[in-house]
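Presented below is the structure to which this report refers.
The values are calculated or read from the model by the stated rules, or taken from the named source; none is laboratory data. Not measured: the values here are computed from a predicted model. Using ideal geometry, Cβ is built from the backbone for each residue, glycine included, and neighbour counts are taken over all protein chains shown.
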Amino acid sequence: MMYVQDYDETYPSADSCISGTYAGGDCSGSTFWYYEIDPYVKNFQVFACPSSSQGYGPAAASYSWDQYEHSYVRAGNYGANELLMYYQRETTIFRKISSVASPATTYMIMDFGNYLAYPTEVTGPGSSYSYMPGVGDLGVNVSGLTERYQSDAQSGRHFGGINVAFADGHAKWVKAQTVYTEAKILTNAGWALAHSSEPNRSSNKVKSAWNPWVDNSQ
């Protein structure tokens, strides 16, 4: 939250161009949310979940933090809720905390396979490392993921729960079933990501802990 205070009450982008824009075809390099807040954390290994045995990189037996360092946290660790922290390579919009209807009950960062967290990747994991830990035990098919991430996607890391940091800065353990159910609310409504200053689809107006536009406190 120190980042938010220093940047005019604005959340960092989940993924942004170092220079240029993705839409303009001149995007050069990428910087991810954990790089943006690292100057405040001052310990990059905080972004590596101690309960996860996998990270981003090749599936070598020697694969470890020491071998791949900063790139390690891109997969198998934590993901940012992209409804809150936009994929800025596709938009120039940055979300201010004043625009979040209920910061104390809106997901910000959580245990996740990808560094970006989407509701659709909770209810139906994609390929490679796009998943929420523990969804397999909730009945979700995780066989399409890269093999070394499948055990994390199946059984999770924290006894049936997900560690979640909320948009107001506090963090707590939440049942994986709860995070899944909140994601399912949006996907059942035909959820689509809104890359505008206002939600541009009716599905973005559905109450869910994933959705910063709607008061989800009740």
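Consider residue 130 carefully, then state whether it is among the small types (Gly, Ala, Ser) and touching a residue at least 40 places away in the same chain (Cβ under 8 Å).
In short, no.
Of all residues in segment 63-103 being touching a strand residue (DSSP E or B) at 6+ places or on another chain (Cβ under 6 Å) and assigned to a helix (DSSP H, G or I), which is modelled with the highest pLDDT?
So the residue we want is 88.
Only one of these is surrounded by fewer than 17 Cβ atoms within 10 Å (Cβ to Cβ) and either part of a loop (DSSP other than H, G, I, E, B) or not basic (Lys, Arg) (or both): 141, 163. Name it.
141
Mind counting the residues in segment 1-59 that are within 20 Å of residue 113 (Cβ to Cβ), of a type in the set (Gly, Ala, Ser) and either surrounded by fewer than 16 Cβ atoms within 10 Å (Cβ to Cβ) or at pLDDT below 70 (or both)?
Total satisfying the criteria: 5.
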